[in-house]
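Input: a single structure, listed below in structure tokens.
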Amino acid sequence: MLSVNRLVKRFGGFTAVNEVSFDVARGEILGLIGPNGSGKSTTFNVIAGLYPPSAGSVQFDGTEIGGLPPSEICRRGLARTFQIPRPFRRLSILENATVAAYYGASDRISRGEAEKRAIDALTLIGLPTEASARVDGLGAAGLKKLEMARALATHPKVLLADESLGGLDETEMNQAADMLRRIRDDRGITIIWVEHIMGVLMRVIDRCIVLDHGELIAQGKPTDIAHDPKVIEVYLGTDADAVQQQVKARGT
Ligand code: ADP
Ligand code: MG
């Protein structure tokens, strides 16, 4: 469904992403992990259209999308969440999701249809849909949920989730992970999930790719990745045991 081929992104003389290639299958949950500064967000941002690639290609459903503006990429069916939520504070929760549905839809839709899609997305995520429900009352977990609902309201084929667990406590993290799985299971939406908190992610993803210094150093199923010597060396370190336990607990 999505094919990244020898992707390079340079900032001036610095190469943040170096010849990275991977594919994502329809209906898959792919984790994109690695240490801080390894190029996860940059890879994500090139796919979502924030930056054009310096070299290489990003193909979606067989069409090149590398270098298209973010709005166009969203209309083609790739919706993203932001690590730091910035909702329209003066609009209600429902209005926030409705704006996303209206401007992110692949076809022209009426305001009523946009609101219908917004209510549907908010209901799936578990946020209130009354006109009186304000953004101000939402905590960290609520704001992350709103990011997810706004992305889903655009009716994406692929959901790009950036650090969805940041700022959440243990229970909220597990709920967020289960929600991503539900989005895939119920809606058949393909998910690429960037995260540096690895244990929780490993319970849910089908496959993951690991970046280090802008290069892809490993890819595979959670069990293989959790035991990969190179991944342990550059990334997991003393957390390796804990992550291996998490993968084992999931029973795959
Ligand atoms: P990660 O998300 O894995 O923590 P990033 O993709 O954000 O890593 O960053 C990878 C590297 O690219 C870092 O060294 C970072 O400082 C650099 N970088 C990211 N964005 C920019 C930018 N807009 N300009 C210059 N350097 C950047
Ligand atoms: Mg990042």
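The values are calculated or read from the model by the stated rules, or taken from the named source; none is laboratory data. Please read all numbers here as calculations on a predicted model, not as lab measurements. All Cβ positions, glycine included, derive from the backbone under ideal geometry; neighbour counts span all protein chains shown.
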Restricting the range 52-65 to residues that are closer than 19 Å to R10 by Cβ and surrounded by fewer than 19 Cβ atoms within 10 Å (Cβ to Cβ), which is farthest from ligand 1 (Cβ to nearest atom)? S57
What number goes with the only condition from (1) outside any loop (DSSP other than H, G, I, E, B); (2) of a type outside the set (A, V, I, L, M); (3) at pLDDT below 90 that S164 does not pass? (1)
Anything in the range 205-218 that is buried (at least 19 other Cβ atoms within 10 Å of the Cβ) and either in contact with a strand residue (DSSP E or B) (Cβ under 6 Å, 6 or more places away or on another chain) or without any contact (Cβ under 8 Å) to a residue 24 or more places away in the chain (or both)? List them, or say none. I205, C208, I209, V210, G214, L216, A218
Could you tell me how many of the residues in the range 142-188 are of a type in the set (S, T, N, Q) and without any contact (Cβ under 8 Å) to a residue 24 or more places away in the chain? 1
Restricting the search to the range 181-193, which residues are within 21 Å of Q245 (Cα to Cα) and crowded, with 19+ Cβ neighbours inside 10 Å? W193
Exactly one of these conditions fails for D136: (1) in a helix (DSSP H, G or I); (2) within 16 Å of ligand 1 (Cβ to nearest atom). Give me its number. (2)
Would you mind finding the one in S41, S106 that is of a type in the set (S, T, N, Q) and either within 16 Å of ligand 1 (Cβ to nearest atom) or buried (at least 17 other Cβ atoms within 10 Å of the Cβ) (or both)? S41
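Return yes or no: is I125 touching a helix residue (DSSP H, G or I) at 6+ places or on another chain (Cβ under 9 Å), crowded, with 17+ Cβ neighbours inside 10 Å, at pLDDT 90 or above and assigned by TED's automatic domain parsing to the domain that holds F44?
Here the answer is no, as I125 does not meet what is asked.
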Considering E19, E28, which residue is in the same structural domain as L211 (by TED's automatic domain parsing) and more than 10 Å from ligand 1 (Cβ to nearest atom)? E28
Being in contact with a helix residue (DSSP H, G or I) (Cβ under 7 Å, 6 or more places away or on another chain) and either assigned to a strand (DSSP E or B) or of a type in the set (A, V, I, L, M, F, W, C) (or both) is the filter here, so list the residues in the range 79-90 that pass it. A79, R80, F82, F88
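Determine whether the range 7-20 contains at least one residue that is of a type in the set (G, A, S) and under 21 Å from G77 (Cα atoms).
Among the residues of the range 7-20, not one is of a type in the set (G, A, S) and under 21 Å from G77 (Cα atoms), which makes the answer no.
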Within the range 140-148, does at least one residue satisfy the condition of being within 30 Å of H213 (Cβ to Cβ), surrounded by 17 or more Cβ atoms within 10 Å (Cβ to Cβ) and within 16 Å of ligand 2 (Cβ to nearest atom)? yes
